[in-house]
Amino acid sequence: MSLQEKITELRKVTLTKLSEIADEKTLNDFRVSVLGKKGELTDILKGMKDLANEERPKIGALANEFRDELSRLLEAKKEVIGQAVIAQKLANETLDVTLPGKKVAKGNRHILTQTTEEIEDIFLGMGYKIVDGYEVETDYYNFERMNLPKDHPARDMQDTFYITPEILLRTHTSPVQARTMDAHDFSKGPLKMISPGRVYRRDTDDATHSHQFHQIEGLVIDEGIAMSDLKGTLDTLVKKMFGAERKIRLRPSYFPFTEPSVEVDISCFKCGGAGCNVCKWTGWIEVLGAGMVHPNVLEMSGIDSSKYSGFAFGLGQERIAMLRYGINDIRGFYLGDARLSEQFIG
Ligand code: PHE
């Protein structure tokens, strides 16, 4: 067989084989087996050296033509195989890009947590520390150390859940006052603390009462602390929480652990004092209880009440949040209904 015939024959066989190839790897191996260094065409062309001089260009041209043609066909085949692979993939996939996406629900801090943290920030800014107390407390700290001995009638205001006669669910955050005073070293400076947490009372639940709610206790003890310090502190708190135009009003009240004791009102943030449904047409809204720490309470912590004095206050986060956001049923805070909490993204 002449070289020309060999090339023609190779071309025929090659084109037939090529038409049968259906995957990229076989196609690549095939290309190498024909056009590669040890390929069939290369092998045939080794016979060129035995040709007469005038024959060589002819055979060379023929070989080049074949190489070019095959290269083109290989490229085209590669493209066809690539398209087929994509078509196959698409056929196997069930992704419908026109479907609406899945909404990722973003978590959010509870409105009471937000309120607590906001108040914490205000007091941290005034140099207070934040102290944790116990929700399961002793009668001793919850009542006796708060100047409420066993037979004290004011205990009735805070009837609670007893675990044993001496252990109960705390009725207020005030026992943290005694625990913090006990632990404080006054040679290192004054005591300034707040203590947020959950408290319990055997109340009947209704729109404004819950047997379980939240308070923030505040306590400052130092030499020379006066009622004006309490007033200035609460004024700052109220202005930051309810607006710079708010005023406070102190009304005489009674708590066994403070003397004198006060209820603190703020001027109504809705009507500004003119009278409306929020302030029940009085112009004022009661927000918290406070007073000067009773000398008995100081003395029970071993603090010399002739040298040291202090103030304390207790506020309820539920009440603050209900007033601020116009929430009219306290039970909404505890139901876990996202329709309420989603309104307070923060
Ligand atoms: N412990 C009181 C209550 O729960 C609030 C209070 C705290 C009042 C501190 C005065 C001083 O009603």
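On the stretch given as region 225-234, residues that are free of Cβ contacts under 8 Å to residues at least 40 places away in the same chain and crowded, with 16+ Cβ neighbours inside 10 Å total 1. Taking residues in region 259-282 that are within 16 Å of the ligand (Cβ to nearest atom) and charged (D, E, K, R), and partners anywhere that are open to solvent by 60 Å² or more (accessible area, probe 1.4 Å) and at pLDDT below 90, not one pair has Cβ atoms closer than 7 Å while being at least 6 places apart or on different chains.
The set of residues in region 297-314 that are within 16 Å of the ligand (Cβ to nearest atom) and under 16 Å from V176 (Cα atoms) comprises V297, L298, M300, S301, G310, F311, A312, F313, G314. When you go through (1) within 14 Å of V287 (Cβ to Cβ); (2) free of Cβ contacts under 8 Å to residues at least 24 places away in the same chain; (3) over 36 Å from the mean Cα position of the chain (by Cα) one by one for R246, which number turns out not to apply? Every condition holds for R246 apart from (3). Scanning region 129-182 for residues that are away from the ligand (no atom under 15 Å from the Cβ) and touching a residue at least 60 places away in the same chain (Cβ under 8 Å) yields K129, I130, D132, D182.
Taking region 46-84 as the range and being in contact (Cβ under 8 Å) with a residue 24 or more places away in the chain, among the hydrophobic types (A, V, I, L, M, F, W, C) and assigned to a helix (DSSP H, G or I) as the test, the residues that pass are M48, I59, L62, A63, F66, L70, L73, L74, I81, A84. I'm checking my understanding of the structure. Among residues of region 59-78 that are among the charged types (D, E, K, R) and under 12 Å from I7 (Cα atoms), which one is most open to solvent (accessible area, probe 1.4 Å)? Selected residue: E65. Only one of the listed residues (K103, K192) is open to solvent by 40 Å² or more (accessible area, probe 1.4 Å) and under 27 Å from D337 (Cβ atoms). That residue is K103. In region 121-139, the condition of being under 25 Å from E342 (Cα atoms) and either open to solvent by 70 Å² or more (accessible area, probe 1.4 Å) or at pLDDT 95 or above (or both) is met by at least one residue. At least 1 residues being buried (at least 21 other Cβ atoms within 10 Å of the Cβ) is the threshold, and among the helices (runs of 4 or more DSSP H) wholly inside region 245-346 those reaching it are 295-300, 317-325.
N147 meets each of the listed conditions (1) in contact with a His (Cβ under 8 Å, 6 or more places away or on another chain); (2) open to solvent by 40 Å² or more (accessible area, probe 1.4 Å) apart from (2).
The values are calculated or read from the model by the stated rules, or taken from the named source; none is laboratory data. Computed from a predicted model, the values in this text were never measured in an experiment. All Cβ positions, even for glycine, are placed from backbone atoms using ideal geometry, and neighbour counts span all protein chains on display. Each accessible area value is taken on the protein alone, full model and side chains, heavy atoms only, with ligands, DNA and RNA left out. Shrake-Rupley method; radii C 1.70, N 1.55, O 1.52, S 1.80 Å.
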